[in-house]
Amino acid sequence: MKGKERYDFLNANATQLRESEQDLAIQYSLEADSLASLNDDYSAKSRALENLGWIYYRRGQWQKSFDNSTKAYEFALLAEDKLQAARIMNNLGALYYEQQNYDKAIEQFRKGFELALEAGDISTQIRSLNNIALNFTQSGRQDSALYYANQSIAINESAGSPYLLSFANRVIGDVFLAKGQYDTATTIYETSLEMARAQQVKSFEAGVLHRLGNAYFLNGEIRKAEELLNYAVDFCEENQFLDELTKSHKYLAEVYKSQGNINQAFFHLSSYQTLSDSLQSKASKDRLALMQGMFDQDLANKQVELLKAQNESQKYRIQANNRYMLIGGIASLMILLLGIWMFVLNRNLKKTHADLLVQQQKSESQNLELESKSKELIEINETKNKLFSILGHDLKGPIGQVKSVMDLMLKEQLDQDEFMELLEYLKNDIDTVDFTLNNTLKWSVAQMEGFEINSVQFDLSKVIENVLALLQHSIKKKNLVIFNQTGSNIFVFGEPESMEVSIRNIINNAVKFSNPGDAITIYTEKDKGWVSLFILDQGVGMEKKQLEKLLSENYILTKSQPGTLKEKGSGLGLQLVKEFVKRNNGEISIESQLGHGTKVCIKLPLAPLSPETDSVTKKKLA
């Protein structure tokens, strides 16, 4: 054979022999490369270099593999040979695999699969899918590995490649071994081994032997594992498959250890350690050399791209300068004419602008005044609506009931017993009206401009006692237990009247939402110039959204929830508490859990210890 017929034949045979007879495959590839160069056949030259790249990869000479593979890829692009580019993507992906950069390797193999799909080459498609599956097993993504291996087998049904089918089965065996399904892994490895031996691919047979031996061991078939792994050691030593030999020693040491044969276990473990250290050192050096080569190649490519970009940029710059000079000349003339016209126009504009500026200032002043008045009207209207809502809905009903009873009494349609029976209900209605009116009036006063807080030193415990005395009727009606643990002489600094209104609202809420027979606990704590008052109930509690709404910075008059005995409210109490506590330089916090009660904390400053504590401090608030 001569010419193209000869180097095509050499390339085809090198591809077939590169796994089993590597020295002969190198000889064929070198000759094919020389002959293809003479004929400027870029596709054939790419094929020869791709075979060399793969053989050097198998031998662990990764820098040589990278150099040949990158050259092969350049020639494949020149020849527009998608199939050849797909094969080289697999070579480059294998090099990233050796760097343990599995995601980058998967990216290269996927590119190889896509190119092979476009070229219609089933064999390279299968190879790419097998390599993707292998990288997924190495990165621990076993389900993805199983998916791509099964895809490879499905495509291989039409291709009928025993070697590629054996590879796919080996990957699937790795998946099932990682998942602990040792029976299935053993069966699949056995099938893969038979295929490798039928193809006489010794390197692949070595890779399956130690896997099958380990699967036998993990599956409890110790004798089979011992025999197969001893054979694997001899086979790998004979063919100098050092990586597979290392793993065979490792698994054989585990087999002998499980049998109690310490001497043999120690021998194989020592052999494993020696080989592993040697291979690891060599692999580290090779990886470093490969990374340096990749870096140099990438740097060279970037420099070429930079030079191209600089040349293009220089060309465009010269063209742009010429255009700019022409445009600049025309623009200069236009600017001169425009400048004369602008000078005349500017004198007229200055006068007009001055007049407009005066008008604008007047308009802005009027707009600000209108906005201020509008905000005041909105706030006044909102306050009016809130008050009318409370008075209309919360006071009308109870007052109407009292009026009805009084009308019946005046018409002598009620006797003494019936009146006494209704008196309890009237008392509840009047208490509700009194409480609501008091809150409404206090809140209304607090909203007025110029409202003042008169802060003095006062005993918080006495305020609490007064509030409990006022609420005794409601407490007894629900048979509640009050634990007042505040003690006496708890002096704080604030306004007693506004704080009594606040505390009364909080304790009233605790009573209102407590179930009959519950307990309410009241206690205080002192800490660094502050007194914290805690009011804890065992009532119905609140959801998180409801609590966030109540503690909002804005005034929100929500519809009051009925108490455990259908007690009514205005929804204004807590807003009043927030307002008064804030104006007394205090803080309020609430913790609540639906169905488990509520805990309210009011934090107030301690009374000053200096002689001026008896004097009244007035704080004017807008």
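Normalising by the residue count of region 104-210, find the relative contact order in percent from Cα pairs under 8 Å and 6+ residues apart.
Numbers: 136 pairs, mean separation 21.4, N = 107.
Relative contact order comes out at 20 percent.
So how much accessible area does residue 338 have, in Å² to the nearest 10, using a 1.4 Å probe?
Counting only protein heavy atoms, residue 338 exposes about 90 Å² to solvent.
Could you tell me the accessible area of residue 530 in Å² (1.4 Å probe, neighbours in place), rounded to the nearest ten?
70
Calculate the spin-label point distance for residue 407 paired with residue 59, positioning each point 7 Å from the Cα along the beta-carbon direction, and give it in nanometres.
Modelled inter-label distance: 11.5 nm.
Residue 38: accessible area at probe 1.4 Å, nearest 10 Å²?
In the full protein context, residue 38 sits at about 140 Å².
Report the Cα centroid-to-centroid distance between region 512-541 and region 62-88 in angstrom, as an integer.
80
Classify region 480-577: rounded, prolate or oblate, from the alpha-carbon gyration tensor (a ≥ b ≥ c, eigenvalue square roots; a/c under 1.5 rounded; otherwise prolate if a/b is larger than b/c)?
Values: a/c = 1.89, a/b = 1.28, b/c = 1.48.
Cα axes put region 480-577 in the oblate bin.
Please list, in chain and number order, the residues 5+ apart from residue 520 or on another chain whose amide H is under 5 Å from its amide H, with Hs placed from the backbone.
For residue 520, whose amide H was placed from the backbone, the distant partners under 5 Å are 481, 482, 483.
Using a 1.4 Å probe and counting only protein heavy atoms, arrange 596, 473 so the residue with the most accessible area comes first. Spell out each step's value before the answer.
Values: 596 130, 473 65 Å².
Order by accessible area, largest first: 596, 473.
Please work out the average accessible area per residue across region 98-243, using the 1.4 Å probe convention, and give it in Å². Working shown, then result.
On the way: 6420 Å² over 146 residues.
For region 98-243, the solvent-accessible area averages 44 Å² per residue.
Please list 3J(HN,Hα) in residue order for region 456-465, calculated via the Karplus relation 6.51 cos²θ - 1.76 cosθ + 1.60 where θ = phi - 60°; whole Hz, with x for glycine and proline.
Per residue, the Karplus-derived 3J(HN,Hα) values read 9, 7, 9, 8, 5, 5, 5, 4, 5, 4 Hz.
Say the cut-off is 24 Å between C-alpha atoms; which of 462/545; 545/582; 4/111; 45/82; 476/566; 477/578 go over it?
Numbers: 462/545 35 Å; 545/582 22 Å; 4/111 29 Å; 45/82 14 Å; 476/566 16 Å; 477/578 28 Å.
As for pairs spanning more than 24 Å Cα to Cα, those are 462/545; 4/111; 477/578.
Ordered by residue, what ³J(HN,Hα) values in Hz, to whole numbers, does region 218-229 give under the Karplus form 6.51 cos²θ - 1.76 cosθ + 1.60, where θ = phi - 60° and Gly and Pro are x?
Rounded to whole hertz, the list is 5, 8, x, 8, 5, 5, 4, 4, 4, 4, 5, 6.
Taking only C-alpha pairs under 8 Å that are 6+ residues apart, what is the relative contact order of region 475-593 in percent? Present the calculation step by step, with values, prior to reporting the outcome.
Details: 145 pairs, mean separation 33.5, N = 119.
Worked out over region 475-593, it gives 28 percent.
Contour minus end-to-end for residue 178 and residue 483, with contour as 0.36 nm per residue of separation and end-to-end as the Cα-Cα distance? All intermediate terms of the calculation are to be shown ahead of the outcome.
On the way: separation 305, 0.36 × 305 = 109.80 nm, distance 6.38 nm.
Length gained between residue 178 and residue 483: 103.4 nm.
The values are calculated or read from the model by the stated rules, or taken from the named source; none is laboratory data. Fair warning: this is a prediction, and the values are worked out from it, not measured in the lab. As a convention, Cβ positions derive from the backbone with ideal geometry for all residues, glycine included, and neighbour counts pool all protein chains shown. Side chains included, ligands, DNA and RNA excluded: accessible areas come from the protein's heavy atoms. Shrake-Rupley method; radii C 1.70, N 1.55, O 1.52, S 1.80 Å.
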